[in-house]
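**Student:** Pasting a structure below so you can have a look.
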Amino acid sequence: MLENLGNRFQDIMKKVRGHGKLSESNIKEALREVRMSLLEADVNYKVVKEFVAKIQEKAIGAEVLTGINPGQQFIKIVNDELVELLGGTNSRLTKSAKNPTVVMLAGLQGAGKTTFAGKLAKYLKKQGEKPYLIGADIYRPAAMKQLEVLAQQVGVDVYFELGSNDAVGICERGLEKAKEAGATYLIIDTAGRLHIDEKLMEELKEVKKVVRPQEILLVVDAMIGQDAVNLAQSFNNALSIDGVVLTKFDGDTRGGAALSVKSVVGKPIKFVGTGEKIDDLELFHPERLASRILGMGDVVSLVEKAQEAIGEEDAKSLEEKIRTQKFDLDDFLKQLQNIKKLGSLGNILKMIPGMGQIGDLAPAEKEMKKVEAIIQSMTREERKKPEILKASRKLRIAKGSGTEVADINKLLKQFEQMREMMKMFSTGKFPQLPGMGGR
Ligand code: GDP
């Protein structure tokens, strides 16, 4: 997501950082490049103009020019403005005092509304809420079935009326059912059309009147760029939306939509969809995205993802195993699989400061797969006691995993080194490293 813009910005910032002192002409040059990159990323030209003017105003001041670290200071100004542009702070979903809080979804066909309804239900369920779904997309019968499958997957109730063409009626009856079921959130998947038209807007207004939602979220495909902003504007005029969900943020989006929606429409982006799977949903955090764009990493998101993937129990048992020196190849395999749960290596590294532009990671991912295959071809006993692995066992494992004995030897050597490291950590006996003043 936003890869090109990120790369461009990181180059500009690298140049800025390289100047010991920032002169007015340095800043103007950097700003020219900032403007070009934003326009190329399909950001609305008015938004770009204002953005650059604000930075210029803040950056071209005696304070910055005589500052201790002018390059860093400039980057901070750009970062702060970027955060502001993206909406300032994270805007959470409303929660009404009376159950259920009604969330109505709107958007064009194919935007990812139904998928998002499922993702949101899962997200809310994880927060301890009791979500309930209504399928009111009467023009795309497959949508109701799709929602039913998603609801089953998440483990929540869903209401729809196959073959009905009365969206308002479905919502009325669904709302009653949701109340009876004691739902805390009601998510309504409404009909989408290929284009905005009067009939669609009228129907959405009718639904709005009946269900009186606390939150109307417009689901927009981020891949459509500038059009996303126009679309949000039209829906906002007709329905008065509360927030935007940008889907397909994992695709090759130039980012213009994310960077323009708040300024132009005045409504915050609340969630981003980052893939087709039910867990591919993120709360939209302006500060974190700005950091990612500027190559400062997003360590907070990474830690959160890691916590989710590894879980507290696993983390505790891992800690215990390292401490008591019982870490074996099975644990190693588990760790590899946990890393995979975080996403591709490329996506993980992008969240770490300075690692965003590290180059081709395919060889490293291939290596991880190989190691996984090798361990999976071992017996339980072999995983627990790798020292019993002699020539004949190694040959069997190599055959089983489609690798060479040399690969197995390499893995065993690395594992042994890792165990040595862990021993040092757990006993506190660190080797004397030059310049580190170890114990
Ligand atoms: P609807 O017509 O608005 O209900 O759209 P759907 O929910 O059926 O989604 C349309 C297509 O977009 C489906 O193939 C989804 O799998 C896909 N999709 C939805 N959200 C995302 C996302 O965040 N990323 C990606 N890559 N695909 C998505």
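A short reminder: the numbers here are calculations on the coordinates, not readings from a lab. Just so you know, these numbers come straight off a predicted model, no measurement behind them. When we count neighbours, we look across all protein chains shown, and the Cβ atoms used for this are built from the backbone with ideal geometry, even at glycine.
**Student:** Which whole-Hz ³J(HN,Hα) couplings does the range 82-95 yield from phi under the Karplus relation 6.51 cos²θ - 1.76 cosθ + 1.60, θ = phi - 60°, glycine and proline marked x?
**Tutor:** So the Karplus estimates, Gly and Pro as x, are 5, 4, 4, 4, 7, x, x, 9, 5, 9, 7, 6, 5, 10 Hz.
**Student:** Amide H to amide H under 5 Å from residue 250: which residues, 5+ apart in sequence or cross-chain, H placed 1.01 Å off N in plane?
**Tutor:** Sorted by chain and number, the residues that satisfy this are 275.
**Student:** Taking neighbour Cβ counts within 10 Å as the exposure measure, how do 263, 23 sort from fewest upward?
**Tutor:** If I rank by nearby Cβ atoms, fewest first, I get 23, 263.
**Student:** Taking θ as phi - 60°, what are the ³J(HN,Hα) couplings along the range 315-321 by the Karplus curve (6.51, -1.76, 1.60), each to the nearest whole Hz, with x for Gly and Pro?
**Tutor:** 4, 5, 5, 5, 4, 4, 5
**Student:** Based on the mean of other beta carbon atoms within 10 Å per residue, what is the order of 281-294, 316-329, most packed first?
**Tutor:** Listed from highest to lowest mean packing, they are 281-294, 316-329.
**Student:** OK, next. Sort 394-401, 170-177 by the packing proxy (mean of other Cβ within 10 Å over each peptide's residues), most packed first.
**Tutor:** 170-177, 394-401
**Student:** Considering Cα pairs under 8 angstrom that are at least six residues apart, work out the relative contact order of the range 114-273 and quote it in whole percent.
**Tutor:** Answer for the range 114-273 is 19 percent.
**Student:** Among 42, 250, 11, what is the fewest-to-most ranking by other Cβ atoms within 10 Å?
**Tutor:** 11, 250, 42
**Student:** So which lysines pass the test for residue 366, namely a Cα distance under 21 Å, with those fewer than 8 places away in the same chain ruled out?
**Tutor:** Reachable lysines: 334, 340, 341, 350, 394, 399, 410, 413.
**Student:** If you don't mind, there's one more thing I want to ask. Amide H neighbours of residue 160 under 5 Å, counting only residues 5+ apart in sequence or on other chains, H built in-plane at 1.01 Å?
**Tutor:** 135
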